[in-house]
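Notes follow once the structure below has been shown.
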Amino acid sequence: MPDDFVVAVASGKGGTGKTTIAANLAWAACESGRKVQYLDCDVEEPNGHIFLRPDITAGRQVTIDVPQVDSEKCTTCGKCGQICQYGAIICIKDSVLTFEQLCHSCGGCFRICSDEAITPKPLEIGTIECGKAGGIDFVSGKLNVGHVRTPTLIKEVKKYIRKECLAIIDVPPGTSCPVVEAIKDTDFVLLVTEPTPFGLNDLKLAVALVRQVNLPFAVVINRHGIGNEDVEEYCQAENIAVVMKLPDNRRIAEAYSSGKMIADVLKEYKEHFSKLCDDLGDIKEKLNEQGQLRIRRKNIQ
Amino acid sequence: MKIAVTSTGDSLDSEVDPRFGRAAFFLIGDPETMEFAAVANENAAGGAAGIGSASLVIDEGAEAVLTGHCGPNAERTLSAAGVKLYTGVTGTVAEAVELFRSGGLTAAEGPSVQSHFGMDN
């Protein structure tokens, strides 16, 4: 039983079907009586809610601390600008300028200021919504337009991961900092790809990342039947398990485009997700036997 | 009066660099004497290039900046120090300085481009 197991659904390439796989996996796991959490960490463009249609019952703002300068106390010594590595605060002649979008909230300027002229000011970077999608616990982060502190918001979303359930994390696409933050301290990564040259190219990047952070992983091939055999040959050569092949099917695309769950409206594909769920249970057992289950999950309540 | 001109090279014959924050060089000097010194721009790569470059020309004592485009963060920084900004400048640095001397340039009222313009151009 894949309870107390955190699975990240990621992909190098965008548009391969991360959310499709993550949401349907959550749905299938819930149908089979498991406790499931779905956490949308694709905070720049969260879309899990379109398919899971949760009832949102709680929400909160996520803020970071940015410097606020009291010009009465400031002696324009310039130390704040010298310590800031991001150009977010700078002393120009007789005034101090702040650029909140560039601030990384390191707190350096608050500490270095000997005039106590700089105090932390909360700046909203995004929101987190929680609710229920049937039996699925739903959590989703949404970054405010124009903000760039994606990993910070993802970290906050991941604080909602609970023990005693299968937590499915919908990861942003790519291989950059937000992805690293989203897969960090998870138990297992599912890399969703498509059997095209683009899919393969970006899969290789994602595999390199996941190997670098030393997480166990497997591949899901979506739209199986299009493109060529190169993805499967690559996985075979690299000894990477392919745990699911979801066929390319117009009816799947139709269900997707009307915001419906494949596992719900296309019964013949439900077993694909049920099987994936069972396979994840087996993977968890194997990892457990090998002593490879993550034990660094400090934030999990 | 000292002015700073963004430049693609280190001489007065170099073309004006169309980017302020990520300009390769600043030619800083006096338009009356035409004595200019080239300062390589360490801010051309990395983040907050506009703010760093504005800080550089302010520290060099420039009272006016001649460039192609300037983004909002650099404009705000230059403006805080009272540095006049002239955008849309093209040609060689010598030509730009000559145009400035003859009063052929009009100071900008604000930034000419959005943030990160210089990263793609």
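Applying the condition of being buried (at least 23 other Cβ atoms within 10 Å of the Cβ) and not aromatic (F, W, Y) to region B:23-40 and asking which residue is nearest to B:D120 (Cα to Cα) yields B:A23. When B:R101 is tested against the conditions (1) in contact with a strand residue (DSSP E or B) (Cβ under 6 Å, 6 or more places away or on another chain); (2) away from chain A (no Cβ under 14 Å); (3) not aromatic (F, W, Y), the lone failure is (1). Note on region B:42-80: residues that are within 23 Å of B:D13 (Cα to Cα), in contact with a helix residue (DSSP H, G or I) (Cβ under 6 Å, 6 or more places away or on another chain) and assigned to a loop (DSSP other than H, G, I, E, B) total 1.
When A:N249, A:N222, A:N288 are checked against the criterion of being exposed (fewer than 14 other Cβ atoms within 10 Å of the Cβ) and either without any contact (Cβ under 8 Å) to a residue 12 or more places away in the chain or not aliphatic (A, V, I, L, M) (or both), A:N288 stands alone in meeting it.
Rundown of residues vs (1) over 16 Å from A:L97 (Cα atoms); (2) part of a loop (DSSP other than H, G, I, E, B); (3) away from chain A (no Cβ under 12 Å); (4) in contact (Cβ under 8 Å) with a residue 40 or more places away in the chain, yes/no style:
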| residue | (1), (2), (3), (4) |
| --- | --- |
| B:T33 | yes, yes, yes, no |
| B:G88 | yes, yes, yes, no |
| B:A96 | yes, no, yes, yes |
| B:S112 | yes, yes, yes, yes |
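Filtering region A:48-62 to residues that are in a helix (DSSP H, G or I) and open to solvent by less than 10 Å² (accessible area, probe 1.4 Å) leaves only A:G48.
Taking region A:66-111 as the range and being within 12 Å of chain B (Cβ to nearest Cβ) and among the hydrophobic types (A, V, I, L, M, F, W, C) as the test, the residues that pass are A:C84, A:A88, A:I89, A:I90, A:C91, A:I92, A:V96, A:L97, A:F99, A:L102, A:C103. Residues that are under 11 Å from the mean Cα position of the chain (by Cα) and either of a type in the set (S, T, N, Q) or modelled with pLDDT under 95 (or both) within region A:131-183 comprise A:S140, A:T150, listed in sequence order. Can you pull out every residue in region A:1-47 that is touching a Ser or Thr at 6+ places or on another chain (Cβ under 6 Å), open to solvent by 10 Å² or more (accessible area, probe 1.4 Å) and within 15 Å of A:L276 (Cβ to Cβ)? Correct list: A:K18 only.
Scanning region A:66-77 for residues that are open to solvent by 70 Å² or more (accessible area, probe 1.4 Å) and of a type outside the set (V, I, T) gives A:Q68, A:S71, A:E72, A:K73.
Considering each residue of region A:78-92 in turn, none proves to be part of a strand (DSSP E or B), buried (at least 21 other Cβ atoms within 10 Å of the Cβ) and within 20 Å of the chain's Cα centre (by Cα).
Filtering region B:1-22 to residues that are assigned to a loop (DSSP other than H, G, I, E, B) and either in contact (Cβ under 8 Å) with a residue 60 or more places away in the chain or under 15 Å from B:G61 (Cβ atoms) (or both) leaves B:M1, B:K2, B:S11, B:L12, B:D13, B:S14, B:P18, B:F20, B:G21, B:R22. Within region A:19-37, is there a residue that is in contact (Cβ under 8 Å) with a residue 40 or more places away in the chain and on the phi > 0 side of the Ramachandran plot? Within region A:19-37, none of the residues are in contact (Cβ under 8 Å) with a residue 40 or more places away in the chain and on the phi > 0 side of the Ramachandran plot. Can we say B:A45 is modelled with pLDDT under 95 and within 16 Å of B:F117 (Cβ to Cβ)? Yes, satisfied. Look at region B:46-59: where a residue is more than 9 Å from every other protein chain (Cβ to nearest Cβ) and a partner is assigned to a helix (DSSP H, G or I) and hydroxyl-bearing (S, T, Y), sitting 6+ places away or on another chain with Cβ atoms under 9 Å, you get B:S53/B:T77. Checked against (1) in contact with a Gly (Cβ under 6 Å, 6 or more places away or on another chain); (2) part of a loop (DSSP other than H, G, I, E, B), B:G104 meets all criteria but (1).
The values are calculated or read from the model by the stated rules, or taken from the named source; none is laboratory data. Worth saying up front: this structure is predicted, and the values here are computed from it rather than measured. Virtual Cβ from ideal backbone geometry, glycine too; neighbours counted across all protein chains shown. Note: accessible area is taken over every heavy atom of the protein model, side chains too, but ligands, DNA and RNA are not part of it. Shrake-Rupley method; radii C 1.70, N 1.55, O 1.52, S 1.80 Å.
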